[in-house]
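The values are calculated or read from the model by the stated rules, or taken from the named source; none is laboratory data. Computed from a predicted model, the values in this text were never measured in an experiment. Virtual Cβ from ideal backbone geometry, glycine too; neighbours counted across all protein chains shown. All accessible areas refer to the heavy atoms of the entire protein, side chains included, with ligands and DNA or RNA removed. Shrake-Rupley method; radii C 1.70, N 1.55, O 1.52, S 1.80 Å.
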Amino acid sequence: FAARPAQPGVAGLVMQSGGLGFALVDHLSRLGIGISSFASVGDKADVSGNDMLLWWERDDQTRLAVLYLESFGNPRKFARTARRVSCAMPVLTVLAEATPFQETLFEQAGVITTGGFGELVEAAALLATQPVPAGRTVAILSNVRSAGQLAAHAGTTAGLQVRGPAETPAPVQAAAFRETLEQLAADDEVHAVVAIVLPTGATGDLEAAIREASTRKPLAAVVLTQPESVRLIDNRIPAYGSPEAAVRAVARAAGYGAWRAAPRGQVPDLPGVRTADARALV
């Protein structure tokens, strides 16, 4: 049923909705992220989400897993498998009708949940192209004061620690914007950067400034004049159409980073256990 063939790439998809799956294949192909494998599993008569997670765990090509699951045949096995896979790569999902059970299951397994299809695409664009933030502090740079304030508010609401927003003059030239961006990213306490630009006839090539900047930190761009909700600059930097979308994506990536960095726990040493007696009794 797909209107166009999928472009090869790094995202693995398992969907209980073929329609959403085809739409997601189109978006990820357009972005240049591409598809490593795609299973539309329906009622999961023969292939399940657990099966695909196990496959991607051993597949060198897949670097991002995307799930749309309406049911769980074996929630305990899913949690165990997804937790292990999430330690190696981001696992994303969208919740159509979230229940406390589903939310808790995904949270414990390290699965990144999004509130809608658009947010799923936006988060995937960041996680497929940028490193995972090492913390929750984000620096915001903008040549539009009000757009920077919107981003800062969205970041605080999403649980990020916001630096700035730093402002440049509206008609800033590319070299000056790039220099400021690199200075913000060089701060050891900053874990990610959001660069917001409004290109006008008075500015330099601000997209080039973002593309050429050396940040070495997760970077999300916002181009206020672009028609797409998200696209990639130079096939590697996600550019969003709104400040809120960029900050939401960064917040989800930072949450995933915090989960991945948290101690996994350890099996306690219980020297007094009488295993043989217990087995005989059972």
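Values of log10 I(q)/I(0) for segment 1-95 across q = 0.13, 0.22 Å⁻¹ run -0.39, -1.13, by the Debye formula with one identical scatterer at each alpha carbon and no solvent.
In terms of the mean number of neighbouring beta-carbon atoms within 10 Å, the peptides 203-213, 55-65, 131-141 order highest first as 131-141, 203-213, 55-65.
Evaluating 6.51 cos²θ - 1.76 cosθ + 1.60 at θ = phi - 60° for every residue in segment 66-75, the Karplus couplings come out as 10, 10, 9, 10, 9, 8, 10, x, 9, x Hz, glycine and proline recorded as x.
Give the shape of segment 55-110 as rounded, prolate or oblate, defined through the alpha-carbon gyration tensor: a ≥ b ≥ c are the square roots of its eigenvalues, a/c under 1.5 means rounded, and otherwise the shape is prolate if a/b is larger than b/c and oblate if not. Because a/c hits 1.5 or more and a/b exceeds b/c, segment 55-110 counts as prolate. Here the ratio of the Cα radius of gyration of segment 121-270 to 2.2 N^0.38 Å is 1.07.
Cα-based values for the chain, radius of gyration first and Dmax second, are 21.2, 83 Å. Using a Gaussian network model of the chain in which every pair of alpha carbons under 10 angstrom is joined by a spring, one finds that among Arg264, Arg30, Arg178 the greatest mean-square fluctuation is at Arg264.
In degrees from 0 to 90, rounded to the nearest 10, what is the angle of the helix 243-261 Cα long axis to the longest principal axis of the chain? The two axes meet at around 40 degrees. Taking all protein chains together and rolling a 1.4 Å probe, His153 ends up with roughly 130 Å² accessible.
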